[in-house]
1. Could you size up the charge dipole of the range 9-140 around its Cα centre, putting +1 on the beta carbon of Lys and Arg and -1 on that of Asp and Glu, and report it in debye to the nearest 20?
2. Are there any trypsin sites (Lys or Arg not before Pro) in the range 105-194 that are in a DSSP loop and have at most 10 other Cβ atoms within 10 Å? List them by number.
3. Just to confirm the number: angle between the C-alpha axis of helix 11-24 and the first principal axis of the chain, 0 to 90 degrees, nearest 10?
4. Using the alpha-carbon atoms, what tilt in degrees (0 to 90, nearest 10) does helix 84-110 show relative to the longest principal axis of the chain?
5. Sort all Cα-Cα distances of the chain into consecutive 10 angstrom bins from zero, then give the percent of pairs in each bin up to the one containing the longest distance.
6. Provide the packing ranking of 157-165, 131-139, i.e. peptides ordered by the mean count of other C-beta atoms within 10 Å per residue, highest first.
7. Which angle between 0 and 90 degrees, to the nearest 10, do you get for helix 140-166 versus the longest principal axis of the chain when only C-alpha atoms count?
8. Add +1 for every Lys or Arg and -1 for every Asp or Glu among the other residues with Cβ under 15 Å from the Cβ of Leu115, and state the total.
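Here, each number is a calculation from the coordinates, and none is a lab measurement. Computed from a prediction, not measured in an experiment: that's the story for all the values here. No Cβ is skipped: glycine too gets one built from the backbone with ideal geometry, and neighbour counts run over all protein chains shown.
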Amino acid sequence: MNEKKKWYDYLWAVSLTCLILGFFNILFAWLGLLCFFIPLLIAIVKGNKAYCNKYCGRGQLFSLIGCRFGLSRKKDMPKWMKSNYFRYGFLAFFFTMFFLMLWNTWLVFSGAKNLGAVVTLLWTFRLPWHWAYHGTLFSDGVAQFAFGFYSVMLTSTVLGFFTMILFKPRSWCVYCPMGTMTQLICKAKAPKEG
């Protein structure tokens, strides 16, 4: 029997909309911060991974594409990709790249560097993205952060898409940095067994 859909079962559309809007106007990438802070807040306040299990639009999107459209091989991931070494290593790498993005944003805010209207895919490929920004009332640093954060969102979506195809639909969730961080928060909040 099919369960009645809840409002949060459609959050995949929000995730997809954020990516599409950022393609046309880079400042919409700021909306992606919701997907950064909400999981952390839920883990801190509730001590659980409800965001990952119920509300993550990206995980829902991969499930939809992988299952409904049959684009996933539905194979198990290799054990090394599920290991703590890989997950924590990927989290450390991801945050190193994130802090470099923040540093570049600071340089633009401070006037030490000009705005780079590019999106960096997989931390390597610089894609010109100039059509998505035409100046605003805000500092160029606001746009620089948006270009950087959109790069993070696009890169994680591409990685998730590839692992969805190769393995199970929600394979990204296994090594997602947000999932790893919320899990660490939940472990820290769990009552210690005496």
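1. Numbers: 13 positive and 3 negative charges, 137 e Å.
My answer is approximately 660 debye.
2. Lys192
3. 20
4. The helix 84-110 is inclined about 20 degrees to the chain.
5. 9, 31, 36, 19, 5, 1, 0
6. Ranking, from highest mean packing down: 157-165, 131-139.
7. Around 30 degrees separate the two axes.
8. +1
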